[in-house]
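Presented below is the structure to which this report refers.
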């Protein structure tokens, strides 16, 4: 599903820079639960013009009122669209060879950072706050010896499981090389 935050062995997913012999094991993104505050806020702001429209003075023309309401909804739609796109396309990929962090900001900026499993030195997970504790949502910090020294997987479901998965893959990879 499009709202999945934890995909295991995805079949039709690729990323720019993927090796031909690489197998993607997991695709993660922030938990959908973290979208609820901005979704509720957007829904609340959808109700604002119908509530305010009747309170505006009569001498303000209908065409001006319509323009303001149209502008309001366009800005609101743009905001919601950007928030959804940022959530949907900001993904964390764990493959049999590397970890990849795809950061997508707006529709004009994309940054892909990757590190081989060989370069991973430490993996730490944290869960904090009421939402984190209730829904088991947290962060995974991956310390590497590569150019990008630290990767941060933010707001993901079951961070301790993700930490264990990465640690096991790293141990397996390092054991294979020795």
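Just a few scattered comments:
- Only listed residue being modelled with pLDDT under 90 and either surrounded by 11 or more Cβ atoms within 10 Å (Cβ to Cβ) or touching a helix residue (DSSP H, G or I) at 6+ places or on another chain (Cβ under 8 Å) (or both), chosen from 2, 84: 2
- Hits in region 149-161 - residues which are under 19 Å from the mean Cα position of the chain (by Cα) and either farther than 14 Å from residue 101 by Cα or surrounded by fewer than 16 Cβ atoms within 10 Å (Cβ to Cβ) (or both): 150, 152, 157, 158, 159, 160, 161
- Evaluation of residue 140 against (1) more than 30 Å from residue 12 (Cβ to Cβ); (2) under 15 Å from the mean Cα position of the chain (by Cα) (one fails), failing number: (1)
To keep it simple, each residue is scored yes or no on (1) surrounded by 11 or more Cβ atoms within 10 Å (Cβ to Cβ); (2) within 20 Å of residue 153 (Cα to Cα); (3) touching a helix residue (DSSP H, G or I) at 6+ places or on another chain (Cβ under 9 Å).
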{"residue": "13", "(1), (2), (3)": "yes, yes, no"}
{"residue": "18", "(1), (2), (3)": "yes, yes, no"}
{"residue": "22", "(1), (2), (3)": "yes, no, no"}
{"residue": "27", "(1), (2), (3)": "yes, yes, no"}
{"residue": "40", "(1), (2), (3)": "no, no, no"}
{"residue": "45", "(1), (2), (3)": "yes, no, yes"}
{"residue": "57", "(1), (2), (3)": "no, no, no"}
{"residue": "62", "(1), (2), (3)": "no, no, no"}
{"residue": "90", "(1), (2), (3)": "yes, yes, no"}
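- When residue 34 is tested against the conditions (1) more than 30 Å from residue 154 (Cβ to Cβ); (2) in contact (Cβ under 8 Å) with a residue 40 or more places away in the chain, the lone failure is (1).
- Residue satisfying condition, being free of Cβ contacts under 8 Å to residues at least 12 places away in the same chain and out of contact with any strand residue (DSSP E or B) (no Cβ under 7 Å at 6 or more places or on another chain), within set 74, 45: 74
- Counted as qualifying within region 15-131 are the strands (runs of 3 or more DSSP E) with 3 or more residues that are within 17 Å of the chain's Cα centre (by Cα), namely 24-29, 91-95, 98-105, 109-116.
The values are calculated or read from the model by the stated rules, or taken from the named source; none is laboratory data. Since the structure is predicted, the reported quantities are computational estimates derived from the model, not experimental observations. A quick note on method: Cβ atoms are made from the backbone with ideal geometry, for glycine too, and the neighbour counts reach across all protein chains shown.
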